[in-house]
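Undergrad: Let me begin by handing over the structure; questions about it come next.
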Amino acid sequence: MKELIERLRSKFNAKNVKEQRKNFVFITVAKKDLEGCVLYLKEFEGYGHLTLLTALDWIEKDQFELVYHLHNYSNKTDVSVKTFIDRKNPTMVSINNLWAGARVYEREIKELFGIDFPGCPRVNDPFALEGWQEIPPMRKDFDTKKYSEETYFPRPGRYTKDNVAQMEEQLYPVEAEVKNGIAKTVRKK
């Protein structure tokens with residue numbers, strides 16, 4: 001892996017290299033170098049399987065992070081290539097020409113995070129959230145509590161329990177009863 005890391009550093013200015021295990025490494029490249037880096041890994045280093053493409057929202061940094069996880073079957077190693085893109089203009093080149101399976105990931109990321117992948121077939125078609133009108137739900141500025149309160153109405157029989165109190169009742173029923181002012185005679189067996 002050390003030789004591969006050095007090649008990626010010299011060819012794509014790979015940074016923030018983190019060896020997760022002896023056969024698994026994370027690297028970060030600039031947005032402009034991402035497509036060339038994953039193409040190089042596929043064509044010249046044997047990383048022919050895109051096992052995952054995902055996104056993270058770093059709202060405090062005003063960026064999204066894209067992570068492309070690649071696997072090499074011949075030497076049983078993995079490389080995750082990360083890049084950061086601006087939240088204000090969230091677009092990234094599509095890699096569906098390299099891996100057909102990337103289409104599914106890119107469509108999902110478009111719908112859940114609002115990141116556009118120009119060139120990806122059907123990227124603007126609904127993926128799982130048909131009729132969705134809100135901001136993408138995986139963005140950190142999406143208010144799930146507000147959405148739930150506005151969308152779902154209270155129904156008879158539904159109630160909310162305090163998590164700590166509920167655990168105390170389940171794990172320590174006698175102590176919870178005493179704590180809540182309910183005195184009961186406990187019979188020992």
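Throughout, read-outs are computed from the coordinates displayed, never taken from laboratory work. Keep in mind the model is a prediction, meaning the values are calculated, not measured. Positions of Cβ are backbone-derived with ideal geometry, glycine not excepted, and every protein chain shown enters the neighbour counts.
Undergrad: Under a cut-off of 17 Å between alpha-carbon atoms, report the aspartates and glutamates in cross-link reach of Lys31, not counting same-chain residues fewer than 8 places apart.
TA: Counting by Cα, and skipping residues close in sequence, Lys31 has these aspartates and glutamates nearby: Asp57, Asp62, Glu65, Asp86, Glu106, Asp116.
Undergrad: Filter the cross-link list Lys32/Lys110; Lys2/Lys82; Lys15/Lys110; Lys15/Lys140; Lys32/Lys140; Lys110/Lys161 down to pairs whose alpha-carbon distance in this structure exceeds 29 Å.
TA: Among Lys32/Lys110; Lys2/Lys82; Lys15/Lys110; Lys15/Lys140; Lys32/Lys140; Lys110/Lys161, the Cα-Cα distance tops 29 Å for Lys110/Lys161.
Undergrad: Here's a follow-up. Mind giving me the nanometre distance, one decimal, between the label points for Val67 and Asn16, set 7 Å out from Cα along Cα→Cβ?
TA: 1.1 nm
Undergrad: Shifting gears a bit: How much length is gained if the chain between Val164 and Trp58 is pulled fully straight, taking 0.36 nm per residue apart and subtracting their Cα-Cα distance, in nm to one decimal?
TA: 35.1 nm
Undergrad: Based solely on its DSSP helices, what 222 nm [θ] is calculated for the chain when runs of n ≥ 4 H residues each add -39,500 (n - 2.57) and the sum is averaged over all residues, nearest 500 deg cm²/dmol?
TA: Dividing the helical sum by the residues of the chain leaves -9500 deg cm²/dmol.
Undergrad: Between beta-carbons, use under 14 Å as the cut-off and find the net charge around Arg21, counting Lys and Arg +1, Asp and Glu -1.
TA: Every neighbour counted, the sum reads +2.
Undergrad: Sticking with this structure for a sec: Gaussian network model of the chain, Cα springs within a sub-10 Å range: biggest mean-square fluctuation belongs to which of Phe113, Phe44, Phe24?
TA: Judging by the Gaussian network model, the answer is Phe44.
Undergrad: Anyone know which of Ala14, Ala165, Ala30 comes out most mobile in the 10 Å Cα GNM of the chain?
TA: Result: Ala165 has the largest fluctuation of those listed.
Undergrad: For the chain, set up a GNM with springs between Cα atoms under 10 Å and report which of Tyr40, Tyr152, Tyr68 has the largest fluctuation.
TA: Tyr152
Undergrad: What is the distance in Å between the Cα centroid of the stretch 153-169 and that of the stretch 88-119?
TA: With the stretch 153-169 and the stretch 88-119 each reduced to a Cα centre, they are spaced 40 Å.
Undergrad: Quick one: net charge of Leu70's neighbours, Cβ under 11 Å, K/R +1, D/E -1?
TA: -1
Undergrad: Something else now. Find which of Ile27, Gly101, Gly114 sits farthest along the positive direction of the dipole of the stretch 2-156, computed with +1 on the beta-carbon of Lys and Arg, -1 on that of Asp and Glu, about the Cα centre.
TA: Ile27
Undergrad: While we're looking at this one, here's another question. Relative contact order (percent) for the chain, with alpha-carbon contacts under 8 angstrom and 6 or more residues of separation?
TA: 13 percent.
Undergrad: Another question, if that's okay. Counting C-alpha atoms alone, how compact is the chain: give Rg to one decimal and Dmax as a whole number, in angstrom.
TA: Using the Cα atoms of the chain, the pair Rg, Dmax is 24.1, 75 Å.
Undergrad: FRET efficiency for Arg7 and His49, Cβ-Cβ distance as r, R0 = 22 Å, nearest 0.05?
TA: 0.70
Undergrad: Quick check for me: using +1 on Lys/Arg Cβ and -1 on Asp/Glu Cβ, what's the dipole size of the stretch 1-152 about its Cα centre, in debye to the nearest 20?
TA: Dipole size: approximately 700 debye.
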